[in-house]
Each structure stands twice: as structure tokens, then as C-alpha cells.
Amino acid sequence: MVDIFVTYGPWLIGLAAVFGFLMAWGIGANDVANAMGTSVGSNAITIKQAIIIAMIFEFAGAFLAGGEVTNTIRSGIIDSSYFNDVPHLLVYGMISALLAAGIWLVVASALGWPVSTTHSIIGAIIGFAAVGVGTEAVAWGKVTGIVGSWVVTPAISGFIAFLIFQSAQKLIFDTDNPLENSKRYVPMYMFFAGFMMSLVTIDKGLVHVGLDFTTAQSYGLAAAIGVVVAIVGKFFISRLKMSDKADRHTQFANVEKVFAIMMVMSACCMAFAHGSNDVANAIGPVASVVSTVNNHGEIVAKAHLDWWILPLGAFGIVSGLALFGKRVMQTIGKNITHLTPSRGFAAELAAASTVVIASGTGLPISTTQTLVGAVLGVGMARGIAAINIGVVRNIVVSWVVTLPAGAGLAIVFFYIIRAVFGG
């Protein structure tokens, strides 16, 4: 077994690096486009601006907070002890999982389907583990949780988005003086946004840099940031030169401008949190391969990241978004339902809130499914006719297909790689 690592070690690491980059590229093309889709769809920012913002914040999140150490086995979905006697099969499996998940993400992105990158890599890992050492190596309880999340996650975020949007309608848009009421109530939304976005950033991002706060400290810090955001927001809104005497249509347009500013802020936070969190889907298996090869077959619970792995993931995410992210942005931002900045803000804030709830309760979550559910919730607030049912049906089908597609492709690639390298 060790002979394989001595003979083919550099080749195996090289393959893991190339396929890890492909996986990160797919994450950028698919998942990151989700984070920016609502901002682009509501015309708060252009696609070019979205790509620049996401490139900066995703790269910062992935590179600065992507984690010095990453779990070798993603999400504890398989028991690595089953591979102790056959470590080369784990290496083959991780390489095949990266290639399988990467290809599926590229296909889904080309079709404009927003799928879960986490579920893609988990499906692929389940596939190779089941055929490599047996189905008993898979933690099937975790898989059940993932299937359950297809319903639970979008339902929670959709409900929260529905409430946020309805409250904005009642407090601001349906009143006689929407502009005056926006000056009164928007700082409240800004507090909520500042609070939730900083919680997401602290929970999902900063924990990887060694800034590990207690729950009370996290909430206290987030509340303080929320207050600061609200005060700054109130100051700038009061300075906006907008006439209360204007007709309602002009007032609505001015109110939407205020929500557009908040959307850009929330998109930056989501991009940072996403980069820090989901880069692990690409670099976790790479780190696993590198550590197993370098340790001559010894499988460690935590793999130290070599210096080149994190930048590889960060560059992969950014290039995938820049070159291929447009189609999924179109699906999320324009094809499900018509978005304005206020509706997009409600969806983004609901998605962030759901991420906070999920990380607090340990719910398995997909940022993609969270955001799609939130956009649906906003659409439902305007009635079922406001939603493009055909697009939603395709998205749901793509979610269900993701796990078996990742598993099937990984099984095929696993057998090919084992035939090439032996063992």
C-alpha cells in the first residue's frame, strides 16, 4: 500500500489539486452566484459590480477565514476508520469525489440550476465509500438529515422572508407617506440586518481565524454592530434630499434606493461568510489526500493545510464566479419572481437569519436552498401568480438529483482511478 504512495504520490496530489480547483470553480459558478443573485435581479447592482464585490469578499473569506485546519472527512459523513487498512482507497475516493462533484456543479451551472455544493460533495463521498469499503462506512443518519433539509430549510427562510416583506409593505409601502415612514422604520431593518449579518460573519467566518467567541459574546457584539449600523443608516437617510411632496411613485423609487444600499451591505457579508465556510467543500478532500500521501498512508482526523491549498480554493471560487456565474444569478434574481431592492433585501435578510438559526440548532443547511426558499417567500407574499412555477419545479428536481448524481459519478471515477493506479 505504501508503495503506491511512494510511486504515485506526486501524481495523486497533482490530481487532487486539479480536481479541487475544478470543485472550487463549480462552487464559484453556482453557490456564489446565489449570494449575489438577488442584488443583481433587483437591479441594485450590475452583474459586473456583483462579480467584483463577490471576488473581493469571497476571496477574503476563503483566504483569511477558510481555516488553518480542516476536517479530512467532510461533515463526518463517513467513518474513516474503515479505511485504516486501505488508505489508498480513501485517496482514490477523495480524488474521484472532487472530480464528480466538480463536473456536476459545472453541468448544473450551465443549465442555470442553483444546486447545493455541500450536497454535491457529500453525495460523491457517499458513493465512493459505499463501493470502496461498504455501505456500513456511511453515516446514513446524516444523509436522512440532508434529505429533510430539502423541505425544512426553504420553508423556514420562506416564512421569515414572507414576514419581513409583509411588514415592510404594512409599515412603509401601503401608507399615505411612504418616504416619511421609510425614514422612521428603515433604521429598524438596518439594525436587524446589521445584527444578523454580523452574527453570520462571526459564526461562519471569524471562528476559523481563531476568534472564537462564546454565544453571549457573539450576540452582544452583533447587537452592538446592529446599533451602529442603524445609527449610521439613520444619519445618511436623513441627509438624502428627497421631497415628501413628490407623488407616490417617485416616493416608492426613493424608498427602493435606500433598500438597495442595504442589499449591497448584506451581499458583502454573505459573500465573506460563504467564502470562509464553503471553501472547505473543495479544500477538505484535497487536504485529506495530501496528508494521507505525505504520512505514507496514515489517516489523521484533522489534516494540516499546506500553504498552497487555501489560495487554490480561493482562486477557484473567484474564477468560477467571474467566468460562469451569470446563469445561476439570472435564475435566482430574475426567473423565480420579479424582485425589487426591498423584496431582494427581505430575501437576503431571511436567508441570513435562517443560516443563524441553523448554525445554532445544528440543522444541516444549504445556503442555496435557504436563498431559493427566501425568494419564494417574497414571491408568495404577492400571490402564487407572481412565481414562475416551471422554474421552481426544475430547481427542486435539481436538488433531488444532486446527491445521486454526485454518488453515481464518483463511483465511476473511483473504479477508473483504482484501475489506473492499482490496489
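Brief remarks follow.
- Within the range 380-401, tally of residues that are of a type outside the set (Lys, Arg), touching a residue at least 12 places away in the same chain (Cβ under 8 Å) and within 16 Å of Lys334 (Cα to Cα): 8
- Summed over the range 127-165, the residues that are of a type in the set (Phe, Trp, Tyr) and farther than 25 Å from Arg418 by Cβ give a count of 4.
- Pair list, Cβ under 9 Å, 6 or more apart: the range 1-29 residue within 21 Å of Ile299 (Cβ to Cβ) and touching a residue at least 12 places away in the same chain (Cβ under 8 Å), other residue of a type in the set (A, V, I, L, M) and outside any helix (DSSP H, G or I): Met1/Val86
- Any pair with Cβ under 7 angstrom, 6 or more apart, that starts in the range 268-282 at a residue that is touching a residue at least 12 places away in the same chain (Cβ under 8 Å) and ends at one that is part of a helix (DSSP H, G or I) and acidic (Asp, Glu): Met270/Glu348; Ala271/Glu58; His274/Asp31; His274/Glu58; Gly275/Glu58; Asp278/Asp31
- Any hit, the range 392-401, residues being among the β-branched types (Val, Ile, Thr), more than 19 Å from Thr118 (Cα to Cα) and more than 20 Å from the chain's Cα centre (by Cα): no
- Out of Leu321, Leu305, Leu310, sole residue that is over 18 Å from Ser116 (Cα atoms) and either β-branched (Val, Ile, Thr) or at pLDDT 80 or above (or both): Leu310
- Single residue of Arg327, Arg343 found to be out of contact with any Leu (no Cβ under 7 Å at 6 or more places or on another chain), buried (at least 21 other Cβ atoms within 10 Å of the Cβ), on the phi < 0 side of the Ramachandran plot and part of a helix (DSSP H, G or I): Arg343
- Of the residues making up the range 151-177, those that are touching a residue at least 24 places away in the same chain (Cβ under 8 Å) and either of a type in the set (D, E, K, R) or buried (at least 19 other Cβ atoms within 10 Å of the Cβ) (or both) are Thr153, Pro154, Ile156, Ser157, Gly158, Ile160, Ala161, Phe162, Ile164, Phe165, Ala168, Ile172.
- Residue list for the range 260-303, restricted to those being surrounded by fewer than 24 Cβ atoms within 10 Å (Cβ to Cβ) and farther than 16 Å from Met94 by Cβ: Ala260, Ile261, Val264, Met265, Cys268, His296
- Whichever residue in the range 222-235 is buried (at least 16 other Cβ atoms within 10 Å of the Cβ) and over 17 Å from Phe259 (Cα atoms) and, among such residues, is farthest from the chain's Cα centre (by Cα): Ile225
- Subset tally (residues that are in contact (Cβ under 8 Å) with a residue 24 or more places away in the chain, within 18 Å of Val396 (Cβ to Cβ) and surrounded by fewer than 24 Cβ atoms within 10 Å (Cβ to Cβ)) for the range 89-117: 3
- The residue list Val375, Val356 contains one member that is in a helix (DSSP H, G or I), surrounded by 15 or more Cβ atoms within 10 Å (Cβ to Cβ) and at pLDDT below 90, which is Val356.
- Any hit, the range 379-389, residues being modelled with pLDDT of 85 or more, more than 19 Å from the chain's Cα centre (by Cα) and surrounded by 24 or more Cβ atoms within 10 Å (Cβ to Cβ): yes
- Scope the range 271-302; condition modelled with pLDDT of 80 or more and at positive phi; matching residues: none
The values are calculated or read from the model by the stated rules, or taken from the named source; none is laboratory data. Just so you know, these numbers come straight off a predicted model, no measurement behind them. Neighbour counts run over all protein chains shown; Cβ positions are idealised from the backbone, glycine included.
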